[in-house]
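Enquirer: Supplied in structure tokens, the structure appears directly below.
What follows is calculated from the coordinates using simple rules that are stated; it is not laboratory data. Everything numeric here is computed off the predicted structure, so don't read it as measured data. We place every Cβ from the backbone using ideal geometry, glycine too, and count neighbours over all the protein chains shown.
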Amino acid sequence: MQPYPPGTRWTITSRYGHTQTAELTLYPEPNGSSITDDYLPEEMNATDLWRMWVDQYANRAHERWPELYRPGEVTILWTVTQPTFNGIFEGVPHTRELPQDPEMLKFFGPYKPENFLTHYKTPVRVDTGEPLNWLRLPVLDRGWNTTAADKDGFIQEVTGWKPSPLQPTMDVVQLGRAAGLYVPEMRT
């Protein structure tokens, strides 16, 4: 099956009965990709951001949870939103839960992650009434260049890659090598 076409509208009903109609999309955020928050494309190009990000984050999941992640595997946090980032911004259901962060546990104790279905019912397509298939939502394109300064856009900019819907991790070693980019030696 192909992704839903651009402009597909969904009826979204909150758990309290409020209804809205919107286009939905998936937003992937690889761990540490917010590194772009401190820069603009004219200050730091996508290749340099990649190098800095890979050095800081490529092995972080493996170092914290070596039994769950291989060297070079970076976790991806998935959010459902609108193409304009307006209104809806919730975790995507049916994704692999990330291990609980030891630092967060120190402050807050064990926590139960929320997602879209915590607050809303399953959306239905306006024109057909079919329930949403989360794997068919389009994944946002991201960029880091003279016309786009998107958080994590440097990754797609230098590799040409974006994750498949709900993909839990990305292999930085594989992507970097395939794109001819810098990849450090990974510690096991």
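Enquirer: Mind checking which of LEU24, LEU49, LEU105 has the largest fluctuation in a GNM of the chain, springs on alpha carbons under 10 Å?
Expert: Highest fluctuation among the options: LEU105.
Enquirer: Okay, next question. Could you tell me what % of all Cα pairs in the chain have separations over 25 Å? All intermediate terms of the calculation are to be shown ahead of the outcome.
Expert: Working: 7374 of 17578 pairs.
The share of Cα pairs beyond 25 Å in the chain comes to 42 percent.
Enquirer: In whole Å, what are the extents of segment 12-53 along the principal axes defined by its C-alpha atoms, from largest to smallest?
Expert: Taking max minus min along each principal axis of the Cα atoms, segment 12-53 gives 47, 20, 15 Å.
Enquirer: Can you give me the relative contact order of segment 15-150 as a percent, contacts being Cα pairs under 8 Å and 6 or more apart?
Expert: Values: 146 pairs, mean separation 42.8, N = 136.
32 percent.
Enquirer: Can you run phi through the Karplus equation (6.51, -1.76, 1.60; θ = phi - 60°) for segment 89-101 and list ³J(HN,Hα) in whole Hz, with x for Gly and Pro?
Expert: 7, 10, x, 7, x, 6, 9, 5, 5, 6, x, 5, 5
Enquirer: How high is the relative contact order of segment 125-165, given as a whole-number percent (alpha carbon pairs under 8 Å, six or more residues apart)? Let's see the in-between values first.
Expert: Numbers: 37 pairs, mean separation 14.3, N = 41.
The value is 35 percent.
Enquirer: Follow-up. Each residue of segment 154-170 in turn: what ³J(HN,Hα) in whole Hz from Karplus with 6.51, -1.76, 1.60 and θ = phi - 60°, glycine and Pro shown as x?
Expert: 4, 5, 5, 4, 8, 9, x, 10, 9, x, 6, x, 6, 4, x, 9, 10
Enquirer: Measuring from a point 7 Å past the Cα of PHE89 along Cα-to-C-beta, which residues in segment 117-144 have an amide N at less than 20 Å?
Expert: Output list for this probe position: 117-120, 138-144.
Enquirer: Here's something else I'd like to know. Can you tell me the relative contact order of segment 73-188? Whole percent, Cα pairs under 8 Å, sequence separation 6 or more. Show your work: numbers first, answer last.
Expert: Values: 112 pairs, mean separation 28.3, N = 116.
Contact order relative to length: 24 percent.
Enquirer: Still on this structure, I have one more. Using a cut-off of 17 Å between alpha-carbon atoms, which lysines can reach LYS162, once sequence neighbours fewer than 8 places away in the same chain are excluded?
Expert: Candidates past the 8-residue exclusion: LYS151.
Enquirer: In debye, nearest 20, what is the charge dipole magnitude of segment 8-84 about its Cα centre with +1 on Lys and Arg Cβ and -1 on Asp and Glu Cβ, if you could check?
Expert: 500
Enquirer: To the nearest 10 degrees, how steeply does helix 46-57 sit against the main Cα axis of the chain, on a 0 to 90 scale?
Expert: 90
Enquirer: Which of the lysines could a cross-linker span from LYS112 if the Cα-Cα distance has to be under 21 Å and same-chain partners fewer than 8 positions apart are dropped?
Expert: Output for LYS112: LYS121.
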